[in-house]
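*Asks:* Just passing along the structure, written as structure tokens.
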Amino acid sequence: MILTDKKIMEAIAQGEIVIEPFDRVHLGTNSYDVHLGKYLAVYRDFPLDAKKHNEVKHFEIGPEGFVLEPGTLYLGVTQEYTETHTTVPFLEGKSSIGRLGIDIHATAGKGDVGFCNTWTLEISCVHPVRVYEGMPIGQLIYFTVEGEIENYYNKKSNAKYNDRTIRPIESMMWKNKF
């Protein structure tokens, strides 16, 4: 079941959902709009290797914006820090972003109960497009869960994305055992 605007507000009042900064104007009927943060990142070296730490180069989006180019994976970040303690957050791109030919995530649209951080975006585009810090980039949708939770994301000892950040985070696949 997806939370409605009223249920999202109730969950925020109870501390079950945290959104910082929060602005009521960004609350939709059953979602909350998130915005592109000021940092982007790109990988430094190729080919990428799933067993190695692939480093990124961070840079800021200036007031003139930044032109995304096709064929490049950009890591972006939301301005909003979020926490979810009783629901599963899903991040989806806004339709207006899709209509510009921008995808904001390759595979990682679902968060876990207990996720507490900004969202790293896996941004790609089909043609050159200029983006700006603070532009609406996606929307969070909250799903209820059934049953008790044993293993909250922010309590897992092996969680790779728990450190609070304002910058996009590169893949931590290399920390897995395979």
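*Asks:* Can you confirm whether the range 11-24 contains a residue that is small (Gly, Ala, Ser) and without any contact (Cβ under 8 Å) to a residue 60 or more places away in the chain?
*Replies:* Taking every residue of the range 11-24 in turn, at least one turns out to be small (Gly, Ala, Ser) and without any contact (Cβ under 8 Å) to a residue 60 or more places away in the chain.
*Asks:* Considering each of 62, 37 in turn, give the residue that is part of a loop (DSSP other than H, G, I, E, B) and either of a type outside the set (Lys, Arg) or touching a helix residue (DSSP H, G or I) at 6+ places or on another chain (Cβ under 6 Å) (or both). Lay out the reasoning, then the answer.
*Replies:* Working: 37 fails: part of a loop (DSSP other than H, G, I, E, B).
Just one listed residue meets the conditions, 62.
*Asks:* Continuing with this model, one more query. When you go through 158, 162 one by one, which is the residue that is among the polar types (S, T, N, Q) and over 23 Å from residue 78 (Cα atoms)?
*Replies:* From the options 158, 162, the qualifying one is 158.
*Asks:* Okay, next question. Name the one entry in 77, 18, 42 that is under 17 Å from the mean Cα position of the chain (by Cα) and buried (at least 18 other Cβ atoms within 10 Å of the Cβ).
*Replies:* 77 is the lone residue from the list that is under 17 Å from the mean Cα position of the chain (by Cα) and buried (at least 18 other Cβ atoms within 10 Å of the Cβ).
*Asks:* Looking for whichever is surrounded by 14 or more Cβ atoms within 10 Å (Cβ to Cβ), in contact with a helix residue (DSSP H, G or I) (Cβ under 8 Å, 6 or more places away or on another chain) and not aromatic (Phe, Trp, Tyr) here; the options are 154, 162, 117. Which one fits?
*Replies:* That would be 162, the only listed residue that is surrounded by 14 or more Cβ atoms within 10 Å (Cβ to Cβ), in contact with a helix residue (DSSP H, G or I) (Cβ under 8 Å, 6 or more places away or on another chain) and not aromatic (Phe, Trp, Tyr).
Each row is one residue, and each column tells you yes or no for (1) in contact (Cβ under 8 Å) with a residue 40 or more places away in the chain; (2) among the basic types (Lys, Arg); (3) out of contact with any strand residue (DSSP E or B) (no Cβ under 7 Å at 6 or more places or on another chain).
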site: 54; (1), (2), (3): yes, no, no
site: 66; (1), (2), (3): yes, no, no
site: 87; (1), (2), (3): yes, no, no
site: 100; (1), (2), (3): no, no, no
site: 103; (1), (2), (3): no, no, no
site: 110; (1), (2), (3): no, yes, no
site: 118; (1), (2), (3): yes, no, no
site: 124; (1), (2), (3): yes, no, no
site: 135; (1), (2), (3): yes, no, no
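*Asks:* Filtering the range 98-114 down to residues that are farther than 16 Å from residue 160 by Cβ and in contact with a Phe, Trp or Tyr (Cβ under 7 Å, 6 or more places away or on another chain), which residue is surrounded by the most Cβ atoms within 10 Å (Cβ to Cβ)?
*Replies:* Only one residue fits best here, namely 113.
*Asks:* While we're looking at this one, here's another question. Has the range 114-122 got at least one residue that is within 18 Å of residue 3 (Cα to Cα) and under 16 Å from the mean Cα position of the chain (by Cα)?
*Replies:* yes
*Asks:* Go through the range 128-150 and give me each residue that's under 21 Å from residue 41 (Cβ atoms) and either surrounded by fewer than 13 Cβ atoms within 10 Å (Cβ to Cβ) or hydroxyl-bearing (Ser, Thr, Tyr) (or both).
*Replies:* Answer for the range 128-150, where residues must be under 21 Å from residue 41 (Cβ atoms) and either surrounded by fewer than 13 Cβ atoms within 10 Å (Cβ to Cβ) or hydroxyl-bearing (Ser, Thr, Tyr) (or both): 128, 130, 132, 134.
*Asks:* Continuing with this model, one more query. Give me the residue from the range 110-163 that is among the small types (Gly, Ala, Ser) and part of a strand (DSSP E or B) and, out of that set, nearest to residue 175 (Cα to Cα).
*Replies:* Initially, the range 110-163 is screened for residues among the small types (Gly, Ala, Ser), giving 111, 114, 124, 134, 138, 147, 157, 159.
Those left that are additionally part of a strand (DSSP E or B): 124, 138.
On the way: 124: 25, 138: 28 Å.
Only one residue fits best here, namely 124.
*Asks:* Among what's in the range 46-74 and is under 27 Å from residue 116 (Cα atoms) and among the aromatic types (Phe, Trp, Tyr), pick the residue that is surrounded by the fewest Cβ atoms within 10 Å (Cβ to Cβ).
*Replies:* Applying the filter and picking the extreme gives 59.
*Asks:* Within the range 89-101, is there a residue that is among the aliphatic types (A, V, I, L, M), at pLDDT 95 or above and more than 23 Å from residue 39 (Cβ to Cβ)? Full working, then the answer.
*Replies:* We begin by selecting, within the range 89-101, every residue among the aliphatic types (A, V, I, L, M); these are 91, 97, 100.
Checking the rest, the ones that are also at pLDDT 95 or above come to 91, 97, 100.
Now drop any that are not more than 23 Å from residue 39 (Cβ to Cβ), which leaves none.
No: the range 89-101 contains no residue that is among the aliphatic types (A, V, I, L, M), at pLDDT 95 or above and more than 23 Å from residue 39 (Cβ to Cβ).
*Asks:* Restricted to the range 80-93, and to residues that are closer than 19 Å to residue 9 by Cβ and assigned to a strand (DSSP E or B), which residue is farthest from the chain's Cα centre (by Cα)?
*Replies:* Only one residue fits best here, namely 87.
The values are calculated or read from the model by the stated rules, or taken from the named source; none is laboratory data. Note that this is a predicted model, so its numbers are computed, not measured. So basically every Cβ, Gly included, is an ideal-geometry build from the backbone, and we count neighbours across all protein chains shown.
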